[in-house]
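The values are calculated or read from the model by the stated rules, or taken from the named source; none is laboratory data. Note that the coordinates shown come from a computational prediction; the quantities given were computed from them, not determined experimentally. Note that each Cβ is placed from the backbone with ideal geometry, even for glycine, and that neighbours are counted across all protein chains shown. Side chains included, ligands, DNA and RNA excluded: accessible areas come from the protein's heavy atoms. Shrake-Rupley method; radii C 1.70, N 1.55, O 1.52, S 1.80 Å.
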Amino acid sequence: MKHNMEIPIPQIKDEEIKDIYSYGFNKNLIKNPETLEQLSNPLVYNAIQDVLQATVISGTRSNRQVFTGAGTYTWAKPEWATTVDMWCVSAGGGGGSGRRGAAGTARYGGGGGGGGSVSYQRFPASILGKTEIVTVGAGGAGGAAITVDNTNGNAGVDGGITSVSSFLTTRVGDNGSGGTTTGGTQGGTAAGSLLGVEQFLSGQGGSGGAGAGNSGSTTGSNGLPRGGGGGGGISAADAQGTGGTGGSFSTTPANYLGTLEGGVAGTSGGGNGGNGVNRETDYPMGGTGGGGGGGASAAVGGTGGIGGLYGGGGGGGGGSTNGNNSGAGGKGADGIVVIITW
């Protein structure tokens, strides 16, 4: 994405330019404190990306290739390549659907899907082939709505793995479980890696409730995908609950990559959960989770929201009473691969 605003670009060394993407994982990789402060402004970050795409930085050639949309692609190595940086974001897990059951019993909403993981690695170009296979993981499908009385919800599907041949891979975004009479288990965290060491956790989904669903986690590492909110349910006293809010990027703790809201919670009575918020286009970090659907005692349960690009988990579906379908789980978001060659 091109930006036409005039934005002061930090005066940084070539090595620091190469590490800018890693800023989202570990701010200590940026040596200059002034650079770090300026990079806290997303507009400055994006201006630097425009420079990266301009092919010459202090006489150093660079090539940036981005792969989005689930599927298999081929990366071609430039002939002049010396160093290659790779970022992979896996897809988010799908949320589970809610339980459909009798009045006077607990009918839990489905669990929210977990966020995908992010992995980064730098390679000497000499060990890579002339071409490598790039796989972008597909977001996990949400659990289908329940159409038969006295039936537990369907689990969502795990998000797909994102990888570059055998050189760099990711962990899947965990699926949310279907609602039952006792719970709706959320999708768990997925570990990401920096320079070959697993040390970052994505946000887990929120569990489904017999009243209000629980919100997706906001405590994962900066930039890593967030999980979906849990679906709202109905208590044994026939009280219907709201869904949970999708996992977000808040300012507590400080988030250097910008604040993004999670998908809104579905209202009680069968409101649908809102979709998660996408990251900046072609930016190899995570989106927020979809909101959970609301539980409905006398209507169709709310549908979980779709996870935000890239790798956000889908929201869980709301529970319902016999005679009405439960809410379906929301789909997880697809992954992304970004490869920069120097």
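Of note:
- Net +/- balance of residues flanking Asp238 in space, Cβ distance below 15 Å, scoring K and R +1, D and E -1: +3
- Mean separation of Cα contacts under 8 Å, 6 or more apart, over the residue count of the range 210-342: relative contact order %: 23
- Gyration tensor over the Cα atoms of the range 236-315: the corresponding equivalent ellipsoid has semi-axes (square roots of 5 times the eigenvalues, largest first) of 28, 12, 7 Å.
- Shown here for the range 68-171: chymotrypsin sites (Phe, Trp or Tyr not before Pro) in loop regions (DSSP other than H, G, I, E, B) with at most 11 other Cβ atoms within 10 Å, namely Trp80.
- Loop-resident trypsin sites (Lys or Arg not before Pro) (DSSP state other than H, G, I, E or B) in the range 71-139 with no more than 11 further Cβ atoms inside 10 Å of their Cβ: Lys130.
- In this view, the solvent-accessible surface of Asp158, computed with a 1.4 Å probe and all protein chains in place, comes to about 70 Å².
- Sorting Lys77, Lys331 on solvent-accessible area from highest to lowest, probe radius 1.4 Å, gives Lys331, Lys77.
- Point-to-point label distance, Ala237-Val148, nm (Cα→Cβ direction, 7 Å offset): 3.3
- Taking label positions 7 Å along the Cα-Cβ direction at both Thr131 and Glu280, the computed distance is 3.2 nm, reported to one decimal.
- Here the extension length gained between Glu79 and Ser166 equals 29.2 nm, from 0.36 nm per residue of separation less the Cα-Cα distance.
- Annotation: per residue accessible area for the range 227-342 equals 27 Å², rounded to a whole number [probe 1.4 Å, protein chains only].
- In order along the range 332-341, the phi-based Karplus estimate (6.51 cos²θ - 1.76 cosθ + 1.60, θ = phi - 60°) of 3J(HN,Hα) comes to x, 8, 5, x, 7, 10, 10, 10, 10, 10 Hz; Gly and Pro are listed as x.
- Among the protein heavy atoms, those of Ile161 account for about 80 Å² of accessible surface (1.4 Å probe, every chain in place).
- Solvent exposure, largest accessible area first (probe 1.4 Å, DNA, RNA and ligands not counted), of Glu261, Glu79, Glu132: Glu79, Glu261, Glu132
- Per-residue SASA entry for Ser215, accessible area with 1.4 Å probe, Å² rounded to 10: 70
- Local electrostatic count, Gly101, Cβ distance below 9 Å [Lys/Arg +1, Asp/Glu -1]: +2
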